[in-house]
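The values are calculated or read from the model by the stated rules, or taken from the named source; none is laboratory data. In this text, all values refer to a predicted model and were calculated from it rather than measured experimentally. Note: ideal-geometry Cβ built from the backbone for every residue, glycine included; neighbour counts use all protein chains shown. What goes into the accessible areas is simple: the full protein's heavy atoms, side chains included, and nothing from ligands, DNA or RNA. Shrake-Rupley method; radii C 1.70, N 1.55, O 1.52, S 1.80 Å.
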Amino acid sequence: MRVILVALLVALSISSPARAESTASPPTGCGFQTLGTLPLTGATTAGTALDARYPQGPRVYSVTSSASGPALLGIRDARDGRLIGERPLPLALGSWAVTVAPDHSVYVGSYNATAGAMGRLFRYSPATDQVSELGIPIATETFVWTVAATPDGSAVYGGTSPSGKLFRYDTATGRSTDLGSPVPGDQFVRDLAVGEDGTVYAGVGALSMKVAVLTREGTVERVIDPPVQGNGYAYDVDVAGRYLLVRFVTSTGANPMGVYDLVTSRWKDVVEDVDSLTVGGGRLGADLYLFQNDELVKYDLRSGKITKLGFKDYGDGAARPLGWVGHTLVGTSSTGRIWHFDRKKGQGELLDATLTGQHVSIRSLGTGPDGRVYAGGFFAGGLAAYDPADGQTQNWPDVGQSEGIVTHKGKLYLGVYPGARIYEFDGNAPRLLLDLGGQEQDRPFAMISAGDWLAFGTVPKSGTLGGALGLLDPATGRSVIRRNIVPGHSVVGLAYRDGVIYGATSAFGGTATPQGEAAAFAYDVATDSVLWRTTPVAGDLALGSIAFDGAGRLWGLTPDTLFELDPATGRTVRSVKHQTYPWATATQVWLDTNLVFHQGFLWGKVQGKAYRIDPGTMALTLIARPISNLLLGPDGHLYLSRFENFYTYRIC
């Protein structure tokens with residue numbers, strides 16, 4: 001089963017060939033220089049909707065995400081996939097939230113974590129072919145996850161994070177009203193549905209997976225508990241006649257769909273392993289069309305019978321059934337493709353891709369065994385390589401979102417989200433070695449070579465606590481997984497020396513509630529034991545990257561502090577506060593720093609800035625900003641990124 005979580009990602013593929021491209025000649029001289037962009041592009045369309053009754057012909061509306069913006073609203077003919085147009089959404093990086101109102105207006109909720117941009121609401125008018133920016137519905141919210149229009153067109157409701165709020169946009173007055181958190185304590189209102197009578201159904205997460213039932217005015221009438229155990233999201237919500245349909249995404253990786261009878265107020269059925277992003281989309285009478293194990297199936301609401309339909313070629317990523325145009329079911333994939341399934345013929349087809357691919361943000365950087373710099377793409381995924389010797393680049397478009405990249409014993413390894421999957425990559429066929437999705441792990445940010453072992457640290461899935469320290473011997477397949485090595489914490493930084501792995505944690509797991517203060521630890525590989533555990537910086541909730549210098553001193557860089565630890569005891573030898581950080585309001589701070597040692601200096605990235613750091617004086621000298629990632633390359637120079645942009649800082 002394809003695991004689909006908060007971020008849509010493309011699974012690793014062995015069938016798509018790498019593409020080689022050329023960039024400018026390698027730079028010479030010293031200091032900061034731009035290298036342009038790496039070949040990381042894709043058409044990632046999480047948010048999409050169908051207007052089957054548009055007078056000039058049915059349309060599919062899809063938002064293509066962009067690394068630095070703006071995202072594009074793509075307008076296509078639902079019958080043949082023809083691209084009608086693409087319209088920019090100012091200050092939006094992407095969208096999961098698209099809905100069509102009765103007057104054919106299209107409403108889009110966006111995301112952008114940049115201060116002042118945040119989660120915005122847009123309206124596209126087909127009559128004027130214009131996009132209107134409707135503002136930020138709730139000032140505290142960075143992400144509008146879902147929007148749903150009322151049947152009478154009087155309002156559009158939206159659900160947000162990180163505070164799990166609901167808003168109501170009045171289409172007549174243009175005013176947005178903050179309706180608060182329908183289930184306090186949950187960070188996400190993940191999906192919405194509005195019944196024919198105007199009742200609002202709000203699916204929440206990442207803890208309870210409950211569904212709040214609200215009046216038109218936003219008053220919570222009741223809260224429906226899920227029919228399954230655990231943490232996660234009420235990820236997809238729809239109403240089909242008397243039934244409420246809810247697809248749950250759980251921390252264990254299961255994706256069951258619950259069928260709730262609104263008349264009897266009871267769960268009627270639970271359907272296992274539902275993959276499609278839309279539950280109930282494309283319904284016809286009592287039949288729902290869903291995806292199980294990457295295959296379209298028909299589910300009979302009355303009997304619960306499931307009929308496999310044999311259609312699997314929907315375009316990779318995640319499938320989203322949208323609705324009917326005649327007897328043809330129209331749907332999309334998260335890779336931007338439109339697909340059809342003719343229920344009379346029992347046949348499906350995948351239409352040609354017509355959306356414009358956008359640059360993908362560089363998520364991670366690592367050094368390969370071949371002397372190249374490797375970069376992993378965010379959201380759409382992809383992997384690119386840059387050769388410092390000649391400036392040549394190469395890319396593999398169908399590699400998932402790599403959170404960590406490292407060389408171990410002459411081979412390249414990728415830590416891929418979701419499910420904390422560890423792959424060995426030889427440039428041709430990625431090989432899955434380990435999958436920790438079943439152990440509630442998700443993001444392997446920290447990866448190092450530790451003697452015979454490949455070591456990695458993970459962040460757990462949303463709604464759960466307790467990351468892990470993992471050891472893997474690729475030669476034998478043996479693994480050692482130590483979850484909760486610091487109870488409730490994520491392991492975000494690693495270093496290795498003389499048989500000991502040193503770790504740094506974030507007090508945040510998959511929830512917004514920190515579990516105490518961030519910690520450092522030392523783990524003896526031979527004895528499988530923790531030698532010490534300390535709190536290096538009082539008040540800090542995440543430590544970040546750690547590294548040894550040439551003299552064997554252990555250093556750490558947090559969002560606000562540089563510190564030195566005694567490797568033998570974990571005692572903080574020295575520390576200096578380099579800037580402030582809003583810990584009191586911070587939520588889910590994981591890995592926010594990079595730190596390396598080279599030519600007598602520490603080099604670090606923190607809070608969007610890159611520094612040269614003198615270990616003797618602990619003084620930080622700014623060398624570049626704004627920066628998102630920093631890597632010491634195989635040629636002894638630094639490589640940096642910001643969104644899709646790629647740079648070098650030549651150390652002379």
Spot the failing condition for GLU21; the list is (1) at pLDDT 95 or above; (2) open to solvent by 40 Å² or more (accessible area, probe 1.4 Å), and only one is missed. (1)
Return the residues of the range 28-53 that are closer than 23 Å to HIS340 by Cβ and either assigned to a loop (DSSP other than H, G, I, E, B) or in contact with a Leu (Cβ under 9 Å, 6 or more places away or on another chain) (or both); say none if nothing qualifies. ALA43, THR44, THR45, ALA46, GLY47, THR48, ALA49, LEU50, ALA52, ARG53
Do you know which of the residues in the range 297-335 that are open to solvent by 60 Å² or more (accessible area, probe 1.4 Å) and under 26 Å from the mean Cα position of the chain (by Cα) is modelled with the lowest pLDDT? ASP316
Across the range 549-567, what is the number of residues that are small (Gly, Ala, Ser) and closer than 13 Å to GLY493 by Cβ? 1
Consider the range 494-511. How many of its residues are open to solvent by 30 Å² or more (accessible area, probe 1.4 Å) and either modelled with pLDDT under 95 or part of a loop (DSSP other than H, G, I, E, B) (or both)? 1
Among the residues of the range 562-590, write down those that are open to solvent by less than 10 Å² (accessible area, probe 1.4 Å) and not hydrophobic (A, V, I, L, M, F, W, C). GLY570
Do you know which residues across the range 618-645 are among the aliphatic types (A, V, I, L, M), in a loop (DSSP other than H, G, I, E, B) and either farther than 16 Å from VAL596 by Cβ or in contact (Cβ under 8 Å) with a residue 24 or more places away in the chain (or both)? MET618, ALA619
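Looking only at residues that are in contact with a strand residue (DSSP E or B) (Cβ under 7 Å, 6 or more places away or on another chain) and among the polar types (S, T, N, Q) in the range 336-360, which one is most open to solvent (accessible area, probe 1.4 Å)?
Of the residues in the range 336-360, the ones in contact with a strand residue (DSSP E or B) (Cβ under 7 Å, 6 or more places away or on another chain) are 336-343, 348-351, 354-360.
So of that shortlist, the ones also among the polar types (S, T, N, Q) come out as 354, 356, 358.
Numbers: THR354: 44, THR356: 63, GLN358: 29 Å².
Here the answer is THR356.
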Could we say that GLY419 is in contact with a helix residue (DSSP H, G or I) (Cβ under 6 Å, 6 or more places away or on another chain) and open to solvent by less than 10 Å² (accessible area, probe 1.4 Å) here? yes
Inter-residue pairs, beta-carbon under 7 Å, first at positive phi and in the range 284-309, second hydrophobic (A, V, I, L, M, F, W, C) and modelled with pLDDT under 95, 6+ apart: ASN293/MET1
Return the residues of the range 218-229 that are free of Cβ contacts under 8 Å to residues at least 24 places away in the same chain and either acidic (Asp, Glu) or in contact with a strand residue (DSSP E or B) (Cβ under 7 Å, 6 or more places away or on another chain) (or both); say none if nothing qualifies. GLU221, ARG222, ASP225
Filter the range 589-617 down to residues that are assigned to a strand (DSSP E or B) and closer than 16 Å to LEU640 by Cβ, then give me how many there are. 16
Which of (1) under 24 Å from HIS327 (Cα atoms); (2) of a type outside the set (D, E, K, R); (3) surrounded by fewer than 20 Cβ atoms within 10 Å (Cβ to Cβ) is the odd one out, the single condition TYR61 does not satisfy? (3)
Failed condition for ARG372, given (1) surrounded by fewer than 20 Cβ atoms within 10 Å (Cβ to Cβ); (2) in contact (Cβ under 8 Å) with a residue 60 or more places away in the chain; (3) basic (Lys, Arg): (1)
Considering the range 422-442 alone, what residues qualify as being within 19 Å of ALA385 (Cα to Cα), open to solvent by 30 Å² or more (accessible area, probe 1.4 Å) and of a type outside the set (S, T, N, Q)? ASP426, ALA429, ARG431
Looking only at the range 444-457, decide whether some residue is open to solvent by 10 Å² or more (accessible area, probe 1.4 Å), more than 18 Å from TYR374 (Cβ to Cβ) and among the polar types (S, T, N, Q). no
Working only within the range 94-115, note down all residues that are crowded, with 24+ Cβ neighbours inside 10 Å, over 15 Å from PRO137 (Cα atoms) and among the hydrophobic types (A, V, I, L, M, F, W, C). TRP96, VAL98, VAL106
Look through the range 169-182, keep the residues that are under 17 Å from SER132 (Cα atoms) and part of a strand (DSSP E or B), and return whichever of them is least open to solvent (accessible area, probe 1.4 Å). TYR169
Scanning for something in a strand (DSSP E or B) and modelled with pLDDT under 95, does the range 261-277 turn up at least one residue? no
Matching entry among ASP426, ASP398, ASP435, ASP390 (being free of Cβ contacts under 8 Å to residues at least 24 places away in the same chain and over 25 Å from SER490 (Cα atoms)): ASP426
